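Colleague: So that we are looking at the same thing, I have put the structure below in structure tokens.
The values are calculated or read from the model by the stated rules, or taken from the named source; none is laboratory data. Note that the coordinates shown come from a computational prediction; the quantities given were computed from them, not determined experimentally. We place every Cβ from the backbone using ideal geometry, glycine too, and count neighbours over all the protein chains shown. Accessible surface is based on the protein model in full, side chains and every heavy atom, while ligands, DNA and RNA are left aside. Shrake-Rupley method; radii C 1.70, N 1.55, O 1.52, S 1.80 Å.
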Amino acid sequence: IQPSVQEALTEGRPVVALESTIITHGMAYPQNLSMAREVEEIVTTNGAVPATVGILRGRVHVGLTDEELEFLASSKNVVKVSRRDLPFVLSQGLSGGTTVSGTMIVAHKAGIPVFVTGGIGGVHRGGENTLDVSADLTELGRTPVAVVSAGVKSILDIGRTLEYLETQGVCVAAFGESREFPAFFSCQSGFQAPYHIRDEEEAAELIDSALRLGLSSGVLIAVPCPQDRAASGQVIEEAIQQALSEARSKGITGKELTPFMLQKLNELTGGKSLDSNLALIQNNARVGSCIAVALSKLQKARRKGNLPRREDTTPPQPVVIGGINVDFIAKAQNPVILGGGQTNAGRVKRTFGGVGRNLADCLSRLGQTPLFLSAVGKDEHSESILRYCHHMDMSAILQLEGKSTATYCAVITSAGELSIGLGDMDIHHQITERYVSQFKENLCQAPLICIDGNVPLSTIQYVCQLAREHQLAVCYEPTDENKASKPFLSDSWKALTYISPNLQELRAINRTLGNPLPAGIEYSE
């Protein structure tokens, strides 16, 4: 990930993903290069950070330098890279331009929710016989990224494409004044989009809603080509029929068909289709950037608690109560760690952890989207954490002025054994009974409550009392040997349904309860 893109992602600033097949296979050099530069400039001008995705010598790049753009634009033997092509292209060290499908995969893995393209692929004309259906459509059905495009390319079967998107569960919305689904070069296709959004704010609300639901499917926002640059639908259709006839006579099919058709249309329309193509790409970049900016503002406002929580019509959420940490893991390179103030060679990496956060993360990835109750400071770490946890419901997290987000530093040996751990966990004391009790209704309806040992004793006792009164399922994660016994200092533990101690934690619990240690495990590791 290019540093400027990574910095924007870490700080929660808007980023727009851009594909590179349009550079490698959509236009000739040097027009493709000037187009790519211009689109990136439009994204920047409208307040977002451009992240053109490409494959260079077997490595995925998110954000390209000007030299890398030039390389892809001028190279002859580059691959058109969709989902199916990624493993082979990477394993062989090849270079390529990513399609809509390939770019969506990379954007999602990088944490970029908005992606701008010209037009997506679809069901080819005659696809009911050939089964020639673009992987873009199935990708939209399984990857949660919002794609901003001028509909589908008009060389395709638009009606069947919309039917296929419906089957894949993709939310499709026309953008602007009309519900008419655009046909790439032309504003009219003769088909209506299922939904209609008027502006960037409505688009951002739609994308945010989809992400918060955790549907694992994408959103397609169809933006019409500017009217003054759009090509005549009849002229384009006549050219398409002629180009299709020529493609059939030459036996051109599969991934070669779309580049052939676009080139032929440019010839047959005297450059009018290419002019429209450039106009719609530029317009999509402007609209997509404004949507990304609006989405970023919306998500930041929600994280800071400036938005009212909407009436929840979804099934009751699990609730997770526990810690969020920024973890710094230092692993020594040599078998022996030298003391006396010497610097030891090694690797240091930052990760985001905390037992509660880890539990909420796993439940979110399983499609449960729990309500997460925790506390962070308003410091350099909190925005990074909230951005990293964009797939989770972080709307109830406390962000506290003058407090430090919890940090943990572990020094481990080259063999992976913990040498020393240091933690600044004071903020976990702010996960108070008073704070948690604000969500009593959520707790009483929750199918499962998870709570970790970082939480203050009084909060644990409150949750256990509530669980007893309302017959709630509570899972307790002891966290470490010193915190494991908190529920066992009173009869709170009798309200627990599940507990997950390691042997050291179980020993501590056993001691607290005054039970003798069973024979045979006194010296077990």
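Colleague: State the number of residues belonging to segment 182-194 that are under 14 Å from LEU280 (Cα atoms), buried (at least 21 other Cβ atoms within 10 Å of the Cβ) and touching a strand residue (DSSP E or B) at 6+ places or on another chain (Cβ under 8 Å).
Modeller: From segment 182-194, those under 14 Å from LEU280 (Cα atoms) are 182-188; that's our starting set.
With buried (at least 21 other Cβ atoms within 10 Å of the Cβ) added as a condition, the list becomes 182-187.
This time we only want the ones that are touching a strand residue (DSSP E or B) at 6+ places or on another chain (Cβ under 8 Å), so: 182-184, 187.
The qualifying residues number 4.
Colleague: If you don't mind, another one. State which residue pairs qualify: first residue over 17 Å from GLY118 (Cα atoms) and inside segment 206-229, second residue open to solvent by less than 10 Å² (accessible area, probe 1.4 Å) and in a helix (DSSP H, G or I) in any location, beta carbons under 8 Å apart, and separation of 6 or more residues or different chains.
Modeller: ILE207/ILE291; ILE207/LEU295; ASP208/LEU295; SER217/LEU140
Colleague: What about GLY97, is it surrounded by 24 or more Cβ atoms within 10 Å (Cβ to Cβ), more than 14 Å from the chain's Cα centre (by Cα) and assigned to a strand (DSSP E or B)?
Modeller: Spelling it out, GLY97 is indeed surrounded by 24 or more Cβ atoms within 10 Å (Cβ to Cβ), more than 14 Å from the chain's Cα centre (by Cα) and assigned to a strand (DSSP E or B).
Condition check ((1) touching a helix residue (DSSP H, G or I) at 6+ places or on another chain (Cβ under 8 Å); (2) among the small types (Gly, Ala, Ser); (3) open to solvent by 60 Å² or more (accessible area, probe 1.4 Å); (4) not assigned by the TED database to the domain that holds GLU441) across all residues:
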{"site": "ASN454", "(1), (2), (3), (4)": "yes, no, no, no"}
{"site": "CYS464", "(1), (2), (3), (4)": "yes, no, no, no"}
{"site": "ALA467", "(1), (2), (3), (4)": "yes, yes, no, no"}
{"site": "HIS470", "(1), (2), (3), (4)": "yes, no, yes, no"}
{"site": "ALA484", "(1), (2), (3), (4)": "yes, yes, no, no"}
{"site": "SER490", "(1), (2), (3), (4)": "yes, yes, no, no"}
{"site": "ALA495", "(1), (2), (3), (4)": "yes, yes, no, no"}
{"site": "ILE509", "(1), (2), (3), (4)": "yes, no, no, no"}
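Colleague: Give the residue, chosen from GLU246, GLU238, that is at pLDDT below 85 and either of a type in the set (A, V, I, L, M, F, W, C) or open to solvent by 40 Å² or more (accessible area, probe 1.4 Å) (or both).
Modeller: Values: GLU246 fails: at pLDDT below 85.
Only one candidate qualifies: GLU238.
Colleague: Looking at (1) in contact with a Pro (Cβ under 6 Å, 6 or more places away or on another chain); (2) surrounded by 17 or more Cβ atoms within 10 Å (Cβ to Cβ), which is the one condition that is false for ILE431?
Modeller: Of (1) in contact with a Pro (Cβ under 6 Å, 6 or more places away or on another chain); (2) surrounded by 17 or more Cβ atoms within 10 Å (Cβ to Cβ), only one is false for ILE431: (1).
Colleague: Can you confirm whether segment 133-148 contains a residue that is assigned by the TED database to the domain that holds VAL81 and in a strand (DSSP E or B)?
Modeller: Restricting attention to segment 133-148, the residues satisfying the condition of being assigned by the TED database to the domain that holds VAL81 are none.
No, because not a single residue in segment 133-148 is assigned by the TED database to the domain that holds VAL81 and in a strand (DSSP E or B).
Colleague: Another one. Between a residue in segment 247-265 that is over 17 Å from VAL123 (Cβ atoms) and not assigned by the TED database to the domain that holds ALA28 and any residue that is among the hydroxyl-bearing types (Ser, Thr, Tyr) and crowded, with 16+ Cβ neighbours inside 10 Å, which pairs come within a Cβ distance under 6 Å, given they are 6 or more apart or on different chains?
Modeller: Once the first residue is over 17 Å from VAL123 (Cβ atoms) and not assigned by the TED database to the domain that holds ALA28 and sits in segment 247-265, its partners that are among the hydroxyl-bearing types (Ser, Thr, Tyr) and crowded, with 16+ Cβ neighbours inside 10 Å give LEU265/SER273.
Colleague: Need the failing condition index for ALA174 against (1) within 29 Å of LEU386 (Cβ to Cβ); (2) in a strand (DSSP E or B), just the number.
Modeller: Checking ALA174 against (1) within 29 Å of LEU386 (Cβ to Cβ); (2) in a strand (DSSP E or B), the one that fails is (1).
Colleague: Identify the single condition in (1) under 30 Å from LEU9 (Cβ atoms); (2) open to solvent by less than 40 Å² (accessible area, probe 1.4 Å) that TYR388 does not satisfy, given that it satisfies every other one.
Modeller: Only one criterion is unmet by TYR388, namely (2).
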